[in-house]
1. Work out from phi, with θ = phi - 60° and the Karplus expression 6.51 cos²θ - 1.76 cosθ + 1.60, the ³J(HN,Hα) of each residue of the range 112-121, listed in order in whole Hz, and give x for Gly and Pro.
2. Order these by the 10 Å Cβ neighbour count, fewest first: Val69, Val54, Val129.
3. If packing is taken as the average count of other Cβ atoms within 10 Å, what order do 57-63, 120-126, 84-90 fall into, highest mean first?
Amino acid sequence: MNRRTYLRSAGATLAAALSTTLAGCGGDGSEDPTTTEPDRTPETTVDPAPNLSVTDFGLDTAESGNLVVPVTVENVGDSQGAATLVVVVEAGGETYEYEQQLQLPPGESEQFRAEFDVARETFDEDGAVDFHWKSA
């Protein structure tokens, strides 16, 4: 009889400890996580050129020390694609834009290098890259 009472109370204690330990693990989304990494994830807006897609981009440094964003765009559709890609960089509390007009047949890709008038070092501290399409 003592063994049963012990097992029941041990089980209740374990369940209470486990629920206390796990309390809040699911979260309600009100947490405010702090991140030190700059946002380098492109957010493409509504696409006026549905055949054209940014398939790759990177970060580089020009000889001057300025930021360079190499970009590859591909026509992933079945018809001619024509639009202007706007590469937007935010760094050091400023916004910089570079526009590239593109006309690509189906299956073709084009690479270009967008150079910005901001030091790569400044971008690395708090920078972000974004892309927006404009109709050609």
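Taken together, the values in this text are just the output of simple stated rules run on the coordinates, not laboratory data. Fair warning: this is a prediction, and the values are worked out from it, not measured in the lab. No Cβ is skipped: glycine too gets one built from the backbone with ideal geometry, and neighbour counts run over all protein chains shown.
1. Calculated HN-Hα couplings, in order: 8, 10, 9, 9, 10, 8, 8, 5, 4, 4 Hz.
2. Details: Val69 21, Val54 15, Val129 24.
Result, fewest neighbours first: Val54, Val69, Val129.
3. Values: 57-63: 13.1, 120-126: 15.9, 84-90: 19.0.
Descending packing order for the listed peptides: 84-90, 120-126, 57-63.
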